[in-house]
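Colleague: Sharing a structure with you now.
The values are calculated or read from the model by the stated rules, or taken from the named source; none is laboratory data. This structure is a prediction, so every number in the text was calculated from the model and none was measured. Positions of Cβ are generated from backbone atoms using ideal geometry, with glycine treated the same way; all protein chains shown enter the neighbour counts.
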Amino acid sequence: MIIIKPYVIYGSESAAGKIFFYGLKTEGCVDYPANMYLYDPVNDTFDIIKENCNDANGGTLSADLTKIVYAERVNSGEPRTVKIYNVSSKQTNEIPNIVVKGNAVFDSNGYILYIDDNDKILKKTDLTGSNINTISNPQSPFAAFDIIWMSPNHQKLLIVERRSACQDGYLLCNHERLIMIDSDGTNRTIIKEAFLGEWNMVVWSSNSTKFIYYHHIFMNEQKIPQYISVDLSSGNPIITDLSETDLGIDENLLIYTRIGNLLSLSYQLLYNGMTGKYIANRSMDVPLLTQGLWGYPCDYIMDPSKYDIYFADTDKTNVRKFIEYRNFPWILFLLE
């Protein structure tokens, strides 16, 4: 039987302003390292920030948009070194004598915040690595920090505290807690109380008022995916568990859209950002996670109203803006 149905093509638009792109696919690499690029739409050129097989975390812009910091390692299990990319000179320097756990981020004053891999304490340093100060310590019963994420406005820092509670293996003993502090180390708030499980990722909204915390809890030595939405717009965190909604599937890498919905780069699906309810399949205009680049305008850090999602092909061509809704979408009729 032939069924004629409408299918909406949302289309794309060209980028405006420098775009910070991420990519996971690199030819010749066994795994999927995080690589980073800056796209200049005026000259239609890509500057390479990092493009190799080394594992990298971070990719945080400084508040004045002049530098990008990330943490890199060659082999799994090794501590990471801190790399600083200068947007103007297009040169990358390594901060000497510092090894970090997880990643590194800029604060609002241009200092680097990082977890020292030696003692698992949150510290701050200048770009030379010669002026180091302690910002925060984990609180009992936790003795180590594990990973940090900075809000786009450089005001709030999310940190995972971690401890092993027994000797019976990772799935029975690994306990974590998610806390939030100001970037100067003050105003500590527990977002998620201690739980048996592991962190996976945090994604912030463009205006720094919301974030999604994706993690796993361990039950009967099985990993169960969990997603909580945290709203900071009223001052006090309002937490909504989205784990049982449509988006609560494993390995769902989500990013916020311009209007606050959630776009899955893993499954090419669009969800309501408040309820987690499925909205649409966007496989026609959203590439698979490993088959494209995704990014955002650098200047949204200063002005969240300039935020948008952009995509490009892995060969650094076909740069386009993600269009969530159109007033007059094209309609194609597909046969099924």
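Colleague: Which residue is nearest to residue 302 (Cα to Cα), if the candidates are limited to segment 149-165 and must be more than 21 Å from the chain's Cα centre (by Cα) and in a strand (DSSP E or B)?
Modeller: Restricting to residues being more than 21 Å from the chain's Cα centre (by Cα) and in a strand (DSSP E or B), the top hit is 163.
Colleague: Continuing with the same structure: Condition first: in a loop (DSSP other than H, G, I, E, B), over 24 Å from residue 64 (Cα atoms) and among the small types (Gly, Ala, Ser). Can you find one or more residues in segment 132-139 that meet it?
Modeller: No, that holds for no residue.
Colleague: How about segment 58-78: which of its residues are surrounded by fewer than 19 Cβ atoms within 10 Å (Cβ to Cβ) and within 19 Å of the chain's Cα centre (by Cα)?
Modeller: Selection gives 63, 65, 73.
Colleague: Can you find a residue that is free of Cβ contacts under 8 Å to residues at least 60 places away in the same chain, surrounded by 15 or more Cβ atoms within 10 Å (Cβ to Cβ) and acidic (Asp, Glu) anywhere in segment 125-141?
Modeller: no
Colleague: In segment 191-242, what count of residues is obtained for those that are on the phi > 0 side of the Ramachandran plot and surrounded by 17 or more Cβ atoms within 10 Å (Cβ to Cβ)?
Modeller: The qualifying residues number 2.
Colleague: Looking at residue 307, is it within 30 Å of residue 47 (Cα to Cα) and modelled with pLDDT of 95 or more?
Modeller: It is true that residue 307 is within 30 Å of residue 47 (Cα to Cα) and modelled with pLDDT of 95 or more.
Colleague: Could you tell me which residue of segment 1-26 is modelled with the highest pLDDT, considering only residues that are within 16 Å of residue 291 (Cβ to Cβ) and assigned to a loop (DSSP other than H, G, I, E, B)?
Modeller: By that ranking, first place goes to 24.
Colleague: On to the next question. Can you run down the residue pairs with Cβ atoms below 6 Å, 6 or more apart or on separate chains, where the first is in segment 31-50 and touching a residue at least 12 places away in the same chain (Cβ under 8 Å) and more than 15 Å from residue 85 (Cα to Cα) and the partner is in a strand (DSSP E or B) and charged (D, E, K, R)?
Modeller: As it stands, the answer is 33/55, since those pairs meet every condition given.
Colleague: In this structure, is residue 286 at pLDDT 95 or above, among the β-branched types (Val, Ile, Thr) and in a loop (DSSP other than H, G, I, E, B)?
Modeller: yes
Colleague: Output the residues belonging to segment 27-72 that are in contact with a strand residue (DSSP E or B) (Cβ under 6 Å, 6 or more places away or on another chain) and in a loop (DSSP other than H, G, I, E, B).
Modeller: Scanning segment 27-72 gives 33, 34, 51, 54, 62.
Colleague: Do we have any residue at all in segment 216-226 that's among the hydrophobic types (A, V, I, L, M, F, W, C) and under 15 Å from the mean Cα position of the chain (by Cα)?
Modeller: No, that holds for no residue.
Colleague: Every residue in segment 99-121 that is assigned to a strand (DSSP E or B) and buried (at least 20 other Cβ atoms within 10 Å of the Cβ), please.
Modeller: 100, 101, 102, 103, 104, 105, 106, 112, 113, 114, 115, listed by residue number.
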